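The values are calculated or read from the model by the stated rules, or taken from the named source; none is laboratory data. All of these numbers come straight from a predicted model, not from anything done at the bench. No Cβ is skipped: glycine too gets one built from the backbone with ideal geometry, and neighbour counts run over all protein chains shown. To get the accessible areas, we keep the full protein, side chains included, count just its heavy atoms, and leave off ligands, DNA and RNA. Shrake-Rupley method; radii C 1.70, N 1.55, O 1.52, S 1.80 Å.
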Amino acid sequence: MTQTFDALFENARFADGTSGAIAVDAGRIAAIGEAARGATVRTVVDLGDTLVVPGFVEGHIHLDTSFYGDAWKPHKPCTAGFDVHERVEFQRQNMATAAPMDERARSQLELCISHGTTHMRSHVMVDGTVGLKPLETILAVREQYRDVIDIQLVAFPQNGILACPGTAELLDAAFDLGCDVIGGLDPASFDRDVKGHLDIVFGIAEKRGVPIDLHLHDGHLLGIFQIEEIAARTRALGMEGKVVVSHAYALGDVSADILARTADKLAAAGVAIMTNAPGDHPFPPVLALRKAGVTVFGGSDNIRDSWWPYGDGDMLGRAMMIGYRSGFYTDQELAAAFDAVTEAGARALGLESYGLRVGAPADFVALEAAHVPEAVVAVPGGRRAFKAGRAVTTDGKLLQRTTRTA
Ligand SMILES: [Zn+2]
């Protein structure tokens, strides 16, 4: 090998059981495994025989509405069973007394980065009640952290679209500011107009050439009906691989034959499903969907916010939760849970280049685990994370001055 690379990361163990090194040049993986041995480099980093995995993908989070880093806000239960409208009202009340949004977003973001998350998709409220201010705030925060994490932002109509005057125009305007993905929220139960809601969401996606990521809490056949509508529109517009349904609780409610039929439609339309494996809801059956060819990926969703007090921004912990709630015990099943926070997440987010492969950005995490199944059940701390070959965390702590100042 005659070429001189920037850095060589030695003594790495990989998921397939092999050991070797990773050569990095200009922020990308230049050689890996045996091929990297003996490379001429400027810097050598010893990974100490740790398990090296791709940087984690946080597929669904809300940077604007978390109170992580703020004063504890006790959870308020709904008065007559779970109700999205009531939770949104609680959120409005809590936000009025919260610390500034940029401070809270930074706290949450640093928490995620410290665990080894290198890619993220965050929904941000854009609607007639809050306008574009939260998006402007989170865009500025994203800029400060752009050297250490890649963030996609979703324009999220938390108060509905048709139910909230001015929202459709604001959602469209979000793309002039730098938003990446168009969101949606329970077309049936929130806006009570499936066609009207989806016309606006898919209309903006088509006009702006952006992907879709829609929250769907509606259960049972009401949820299935909307999933079918979303899959049909996705195929009609040739948007295969660019549409996500987040939560899709209905897939966990219905019989095996309805699930199989719906899964086939999702697979044919290339619509991915995001789950956080919620504690109090049936949720999509991960293995059955994967078997049908559906991409299933993970996200933290809410962290210490007006919806629930849980969440720590650790995607490896999320993989454990997905596995735990799904009853995953075999190595193959545990690997599927891990896939949900790495490769499947990258696919759902449409990342151009990801993973431990030549040419991909050198985004990886070094863990104290023998292999991936053990990493999922043990959730080891003290990780080292690297973004574009640069150390971002050490011993599970964010290195100072990794971010840009405003
Ligand atoms: Zn959400």
With respect to residue 354, determine if the residue is touching a Pro at 6+ places or on another chain (Cβ under 7 Å) and either of a type outside the set (A, V, I, L, M, F, W, C) or assigned to a loop (DSSP other than H, G, I, E, B) (or both).
yes
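Residues that are of a type in the set (Val, Ile, Thr), more than 16 Å from the ligand (Cβ to nearest atom) and open to solvent by 10 Å² or more (accessible area, probe 1.4 Å): list the strands (runs of 3 or more DSSP E) wholly contained in segment 17-130 that include at least 1 such residues. Break it down stepwise before answering.
Values: elements: 19-25, 28-33, 40-54, 56-61, 117-125.
In segment 17-130, the matching strands (runs of 3 or more DSSP E) lie at 28-33, 40-54.
The rows are residues; the columns are (1) among the aliphatic types (A, V, I, L, M); (2) open to solvent by less than 30 Å² (accessible area, probe 1.4 Å); (3) within 16 Å of the ligand (Cβ to nearest atom); (4) in contact with a Gly (Cβ under 8 Å, 6 or more places away or on another chain).
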site: 232; (1), (2), (3), (4): yes, no, no, no
site: 238; (1), (2), (3), (4): no, no, no, no
site: 246; (1), (2), (3), (4): no, yes, yes, yes
site: 249; (1), (2), (3), (4): no, yes, yes, yes
site: 255; (1), (2), (3), (4): no, no, no, no
site: 266; (1), (2), (3), (4): yes, yes, no, no
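Okay, residues lined up against (1) within 14 Å of residue 59 (Cβ to Cβ); (2) more than 17 Å from the chain's Cα centre (by Cα):
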{"position": "259", "(1), (2)": "no, yes"}
{"position": "268", "(1), (2)": "no, yes"}
{"position": "273", "(1), (2)": "yes, no"}
{"position": "278", "(1), (2)": "no, no"}
{"position": "293", "(1), (2)": "no, yes"}
{"position": "301", "(1), (2)": "yes, no"}
Does segment 136-151 contain any residue that is within 16 Å of the ligand (Cβ to nearest atom) and open to solvent by 10 Å² or more (accessible area, probe 1.4 Å)?
yes
Find all pairs meeting these conditions: Cβ atoms under 6 angstrom apart; at least six residues apart or on different chains; first residue within segment 40-52 and touching a residue at least 40 places away in the same chain (Cβ under 8 Å) and of a type outside the set (Gly, Ala, Ser); second residue part of a strand (DSSP E or B) and open to solvent by 70 Å² or more (accessible area, probe 1.4 Å).
47/11
Would you tally the residues in segment 364-382 being under 19 Å from residue 109 (Cα atoms) and open to solvent by 10 Å² or more (accessible area, probe 1.4 Å)?
2
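Can you name the residue in segment 285-321 that is assigned to a loop (DSSP other than H, G, I, E, B) and surrounded by fewer than 17 Cβ atoms within 10 Å (Cβ to Cβ) and, of all such residues, is farthest from the ligand (Cβ to nearest atom)? Lay out the reasoning, then the answer.
Going through segment 285-321, the residues assigned to a loop (DSSP other than H, G, I, E, B) turn out to be 285, 293-295, 299-300, 302-314.
If we keep only those that are surrounded by fewer than 17 Cβ atoms within 10 Å (Cβ to Cβ) as well, we get 293, 308-310, 312.
Numbers: 293: 25, 308: 11, 309: 15, 310: 14, 312: 16 Å.
Selected residue: 293.
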Considering segment 268-284, residues that are away from the ligand (no atom under 16 Å from the Cβ) and open to solvent by 10 Å² or more (accessible area, probe 1.4 Å), and then whichever is nearest to residue 339 (Cα to Cα), we arrive at 270
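Counting only residues that are more than 21 Å from the chain's Cα centre (by Cα) and at pLDDT below 90, which one in segment 383-396 is surrounded by the most Cβ atoms within 10 Å (Cβ to Cβ)?
Taking the candidates together, the pick is 394.
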Cβ-Cβ under 6 Å pairs, at least 6 apart or on other chains, segment 248-270 side of a type in the set (S, T, N, Q), far side open to solvent by less than 50 Å² (accessible area, probe 1.4 Å):
262/224; 262/227
So which pairs qualify, if the first residue must be in segment 72-92 and over 17 Å from residue 304 (Cβ atoms), the second must be part of a helix (DSSP H, G or I), the Cβ gap must be under 7 Å, and the two must be at least 6 apart or on different chains?
78/86; 78/87; 79/86
Taking segment 194-214 as the region of interest, how many residues are closer than 12 Å to residue 245 by Cα and surrounded by fewer than 24 Cβ atoms within 10 Å (Cβ to Cβ)?
1
Residue match in segment 342-356 (condition: surrounded by fewer than 21 Cβ atoms within 10 Å (Cβ to Cβ) and closer than 16 Å to residue 287 by Cα):
yes
Among the candidates 191, 172, 218, residue that is within 16 Å of the ligand (Cβ to nearest atom), open to solvent by less than 40 Å² (accessible area, probe 1.4 Å) and not polar (S, T, N, Q)
218
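Quick one: which helices (runs of 4 or more DSSP H) sit completely within segment 186-284 and have at least 3 residues that are closer than 22 Å to residue 167 by Cβ? Steps first, please.
Numbers: elements: 194-208, 220-236, 256-269.
Ranges flagged: 194-208, 220-236.
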Residues within segment 205-243 that are more than 23 Å from residue 122 (Cα to Cα) and acidic (Asp, Glu), tallied
2
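Residue 92: closer than 22 Å to residue 126 by Cβ, within 22 Å of the chain's Cα centre (by Cα) and among the basic types (Lys, Arg), yes or no? Please lay out each step first, then the result.
On the way: closer than 22 Å to residue 126 by Cβ: yes; within 22 Å of the chain's Cα centre (by Cα): no; among the basic types (Lys, Arg): yes.
No; evaluated as a whole, the condition is false for this residue.
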